[in-house]
Each structure stands twice: as structure tokens, then as C-alpha cells.
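Here the structure comes first, spelled out in C-alpha cells, and everything after it is commentary.
The values are calculated or read from the model by the stated rules, or taken from the named source; none is laboratory data. The model shown is predicted, which means the values in this text are computed figures rather than measured ones. A quick note on method: Cβ atoms are made from the backbone with ideal geometry, for glycine too, and the neighbour counts reach across all protein chains shown. In case anyone asks, the SASA skips ligands and DNA or RNA and just uses the protein heavy atoms, side chains included. Shrake-Rupley method; radii C 1.70, N 1.55, O 1.52, S 1.80 Å.
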Amino acid sequence: MNRKFLQGLAATAALIAGSAAVPAMAAPVRNIVLVHGAWVNGNGWKPVYDILVKDGYRVSVAEHPLTSFADDVTAVKRIVDMQDGPAILVGHSYGGALITDVGNDPKVAGLVYIAAHALDQGETEVANGKRYPSETSKTTDIKKTADGFLYLDPSKYPADFAADLPPAQARFEADAQELTAASVFSAPAGQPAWKTKPTWYAVATADRIINPDLERMYARRAHAHTIEIQGASHSVYESHPKEVAALIEQAAERSMP
């Protein structure tokens, strides 16, 4: 066989082998899963949802029942399982406890906490709230039903939860709030996903539901890429959707699967 032909064949084989050894460039994550907290439902995510969808992301809002920690984890995991590829998991408030657990799923490429609990193993929201008392926890605004569900006094809800939303919107949300099983706040956390997944955090500096210093502790401990949104209430994801969406998009761009 012609020597030049054999040399060319060998060179081609080497080129193919070399190409196979070079990994393809990873693309930004396109799937986003938004997880709500206590005393609300997924509708509050709409301002953020609209921005992300406009920017080309595939966004799912995980509606969970707030009946127990196990039920809520199962509901969020179900949405993650439905994703067609890697996803960024975003949690607000108690939703942070959920993404800390569900975030261990191999489909989750990164975590974003929005004024949320980022618990370590064995911690509870109740215990951490005693270490860093919130303004609302110093009042009698949190009420309990006879069957063990918590809610915010509707007349106090706007000031406690949504002080930077339009008054009419805050009043509606107060009357439409989702009652939440008290047990979820004392459920001890398992292995936290933020120890192994890239993490982002938005601190709401005027939050009355979670002490902003507790939020800062969570962010610092998780080595999170952190922003502080000045004057933001606990409803920061509704009142400052541009900043929140920008942080989520940063996570999607930098959390390569």
C-alpha cells in the first residue's frame, strides 16, 4: 500500500483521537425551577418568571402543599425529575430548606437562595431563628390553627411580609396566604447540597421574617456569590424582580453541568 496514503491515514486517526480527547464546551443551564416559601404560593414568582422566559430560559414553578417537609420535598423533586436537562434550583424563604435537600439531585447544577434558609445538617429554622430573632418573631403576629398550621395575622401581613409591595397587592396576598404546617419549621436538615453545588444568595436588607444577619450568615457559610438588595422586604422576589432574575441568570451562566 502507498506509504503516503498510510501516513495520511495515520495522521487522520491521530486527529480524530485528539479531537475526542478535548471536551465539548459546556453550554449555560437553560432550565430554572422556582420554589416558593411559607404563607405564599408560586404565583408570587410571576415577575421573575416573566423576565427569565423573555430571556430564553425554560422556567418551572414548583407548587408544593406546605403540609409537611417530606410532602414538600417530594413535590419539588417531582418537578426536578421532569426537567429535560440540568437545572438551576431557586428557593425563597422556607423554599431554601427544600432546595438544600432536593439540590443533591444530579440534575441540579446550582442553587440560588432568595432571602431563604440554607440549613446545615441537623439544623432547624426554629433554632436558627432563635439565634437570630427576626422582627416578626418578636411580635404575636404569627398565629396557629387548632390542627397545627401557622399563618400571619392578615392585618399584620403587609408590614411583616410585603412592606415594599403596593398596599392593595399586599392585602390580597395576606388574605390569600397558604397556611403552613408548623412541623416544617422544626424539621432537621439532611446533607446540604450547598456544600457540593455552586451557590448564589440574595439578602433582603429590610426583611422582617428572616433576620438579614441570619441570611448573611447562611450566604457566608455556603461561600455563596452574594448580593444585598437594599430596603427589600421578605417579598424581595416580587418587589425587586430584575435584581433577582439577574442573579438567577448569573447562576445559570456559571453553573456548568
Exercise. Which residues, taken from the stretch 225-254, are small (G, A, S) and either crowded, with 23+ Cβ neighbours inside 10 Å or part of a helix (DSSP H, G or I) (or both)?
Worked result: A232, S233, S235, S239, A245, A246, A251, A252
Exercise. If you scan the stretch 28-58, which residues turn out to be part of a loop (DSSP other than H, G, I, E, B) and either buried (at least 23 other Cβ atoms within 10 Å of the Cβ) or of a type in the set (D, E, K, R) (or both)?
Worked result: V29, R30, H36, G37, A38, W39, V40, D55
Exercise. So which of G110, G148 is within 30 Å of R30 (Cα to Cα) and in contact with a strand residue (DSSP E or B) (Cβ under 9 Å, 6 or more places away or on another chain)?
Worked result: G110
Exercise. Does at least one position in the stretch 181-188 carry a residue that is part of a loop (DSSP other than H, G, I, E, B), over 27 Å from S68 (Cβ atoms) and over 16 Å from the mean Cα position of the chain (by Cα)?
Worked result: no
Seminar exercise, completed: Of the residues in the stretch 164-201, those that are over 20 Å from T136 (Cα atoms), in contact with a strand residue (DSSP E or B) (Cβ under 7 Å, 6 or more places away or on another chain) and not basic (K, R) number 6
For this session: Pick out the one residue from V53, V33, V59 that is of a type in the set (A, V, I, L, M) and either touching a Phe, Trp or Tyr at 6+ places or on another chain (Cβ under 7 Å) or modelled with pLDDT under 95 (or both).
Result: V59
Exercise. Only one of (1) part of a strand (DSSP E or B); (2) open to solvent by less than 20 Å² (accessible area, probe 1.4 Å) fails for V61. Which number is that?
Worked result: (2)
